[in-house]
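Participant: Next up is a structure, given as structure tokens.
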Amino acid sequence: MSETSDLEHLEAHLEKMRPEETLREEAAVVAALSHPESFIRSAAISALVRARQRTDEIRRRLSVESNDLVVSDICDALARLHDLESVPLIQFIARSNPSRLARASAIAAVVDLLHEGAASFLAERATDERDERVRLEIYRGLLVNGDDSAFDRMIEALGSADYQVRCASAALLSEYTPSSNRLRILEALHEALSRETTEAARSSIQLALDQVTS
């Protein structure tokens, strides 16, 4: 069997593991957290999450992981496992990791872990974060926590030079639309649609309008 086939077999085995199998093979699954291939590490994380085992090892892996996709997976895993001990480390990643994916995932995890307790952290990141796509995750957290000031920022994001930011901001506005802001959001979406030139963003804005008006 080739090395590629071996790796594919290992990945499939980890992905299909039932919790009781993970318990029986715990040492091997934990060892896979340090595997050279990032997709094997991610599969091992998923197996441990399903079994709700070895949160400590997942947290330890976060402290040394360099692959942004795996960092994102770990942040999500620790949030799903309600691991409050990991919050300081996840906040550090949100502040300093060079990857926008890692920072956005860390912000989402902090919100999921702390809920209303994330308010001061989100306010800090809203001030310091410069990447527009990461800022969208901050706005989502603010909206989840009932901070309506985030709507102003989301509406401003509809005018971003980055069409992906325009797509994502339209989707967020349609997802979090309290009755008090509904007319304003509709006006902003209609205005954004009238000036949009890319097919992808027009589709996203139209979908958002359909959802808000339904």
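The values are calculated or read from the model by the stated rules, or taken from the named source; none is laboratory data. The shown structure was predicted, so the numbers you read here are calculated from the model rather than taken from an experiment. Cβ placement follows ideal geometry from the backbone for every residue including glycine, while neighbour counts extend to all protein chains displayed.
Participant: Name, by its number, the condition in (1) at pLDDT 95 or above; (2) assigned to a helix (DSSP H, G or I); (3) of a type in the set (Ser, Thr, Tyr) that does not hold for Ser34.
Facilitator: If we test Ser34 against (1) at pLDDT 95 or above; (2) assigned to a helix (DSSP H, G or I); (3) of a type in the set (Ser, Thr, Tyr), just (2) comes out false.
Participant: Search region 1-30 for residues being hydrophobic (A, V, I, L, M, F, W, C) and not in a helix (DSSP H, G or I), and hand back the single one that is nearest to Gln53 (Cα to Cα).
Facilitator: Step by step, filter region 1-30, then rank; the result is Met17.
Participant: When you look at Arg54, is it on the phi > 0 side of the Ramachandran plot and surrounded by 18 or more Cβ atoms within 10 Å (Cβ to Cβ), yes or no?
Facilitator: Yes; evaluated as a whole, the condition is true for this residue.
Participant: Evaluate the following for Ala47: is it in contact with a helix residue (DSSP H, G or I) (Cβ under 9 Å, 6 or more places away or on another chain), more than 18 Å from Ser63 (Cα to Cα), small (Gly, Ala, Ser) and part of a helix (DSSP H, G or I)? Lay out the reasoning, then the answer.
Facilitator: Details: in contact with a helix residue (DSSP H, G or I) (Cβ under 9 Å, 6 or more places away or on another chain): yes; more than 18 Å from Ser63 (Cα to Cα): yes; small (Gly, Ala, Ser): yes; part of a helix (DSSP H, G or I): yes.
Here the answer is yes, as Ala47 does meet what is asked.
Participant: Now for a different question. Anything in region 93-103 that is farther than 14 Å from Phe121 by Cβ and either of a type in the set (A, V, I, L, M, F, W, C) or part of a helix (DSSP H, G or I) (or both)? List them, or say none.
Facilitator: Of all residues in region 93-103, those farther than 14 Å from Phe121 by Cβ come to 97-102.
Scanning region 93-103 gives Arg100, Leu101, Ala102.
Participant: Continuing with this model, one more query. Within the set of pairs 6+ apart or on separate chains, which have a first residue in region 190-213 that is farther than 14 Å from Cys167 by Cβ, a second that is in a loop (DSSP other than H, G, I, E, B), and C-beta atoms under 6 Å apart?
Facilitator: That search, which allows pairs on different chains as well, returns Val212/Thr177.
Participant: When only residues in region 68-92 that are assigned to a helix (DSSP H, G or I) and more than 13 Å from the chain's Cα centre (by Cα) count, which is surrounded by the most Cβ atoms within 10 Å (Cβ to Cβ)? I'd like the intermediate steps shown before the answer.
Facilitator: So the first thing to find is which residues in region 68-92 are assigned to a helix (DSSP H, G or I), and the list is 68-80, 84-92.
Keeping just the survivors that are more than 13 Å from the chain's Cα centre (by Cα) gives 84-89, 91-92.
Values: Leu84: 11, Glu85: 10, Ser86: 26, Val87: 19, Pro88: 8, Leu89: 18, Gln91: 20, Phe92: 13.
Among those residues, the one meeting the criterion is Ser86.
Participant: Take Ser38 and decide whether it is hydroxyl-bearing (Ser, Thr, Tyr), surrounded by 13 or more Cβ atoms within 10 Å (Cβ to Cβ) and within 30 Å of Ala126 (Cβ to Cβ). Before the answer, list the steps.
Facilitator: Values: hydroxyl-bearing (Ser, Thr, Tyr): yes; surrounded by 13 or more Cβ atoms within 10 Å (Cβ to Cβ): yes; within 30 Å of Ala126 (Cβ to Cβ): no.
Judged against the criteria, Ser38 is not a match.
Participant: Residues of region 136-175 being touching a helix residue (DSSP H, G or I) at 6+ places or on another chain (Cβ under 7 Å), charged (D, E, K, R) and modelled with pLDDT of 90 or more, which ones?
Facilitator: Once the filter is applied, which keeps residues that are touching a helix residue (DSSP H, G or I) at 6+ places or on another chain (Cβ under 7 Å), charged (D, E, K, R) and modelled with pLDDT of 90 or more, region 136-175 yields Glu137, Arg140, Asp162, Arg166.
Participant: Of the residues that make up region 153-160, is at least one under 20 Å from the mean Cα position of the chain (by Cα), closer than 20 Å to Leu114 by Cβ, surrounded by 19 or more Cβ atoms within 10 Å (Cβ to Cβ) and aliphatic (A, V, I, L, M)?
Facilitator: The answer is no, given that none of the residues of region 153-160 is under 20 Å from the mean Cα position of the chain (by Cα), closer than 20 Å to Leu114 by Cβ, surrounded by 19 or more Cβ atoms within 10 Å (Cβ to Cβ) and aliphatic (A, V, I, L, M).
Participant: Restrict the check to region 114-124 and report whether at least one residue is in contact with a helix residue (DSSP H, G or I) (Cβ under 9 Å, 6 or more places away or on another chain), part of a loop (DSSP other than H, G, I, E, B) and surrounded by fewer than 20 Cβ atoms within 10 Å (Cβ to Cβ).
Facilitator: No, region 114-124 has no match at all.
Participant: Looking at region 139-157, I want the residues that are charged (D, E, K, R) and have a partner that is surrounded by 13 or more Cβ atoms within 10 Å (Cβ to Cβ) with Cβ atoms under 6 Å, at least 6 apart or on another chain. Which pairs are those?
Facilitator: Arg140/Leu172; Arg153/Tyr139
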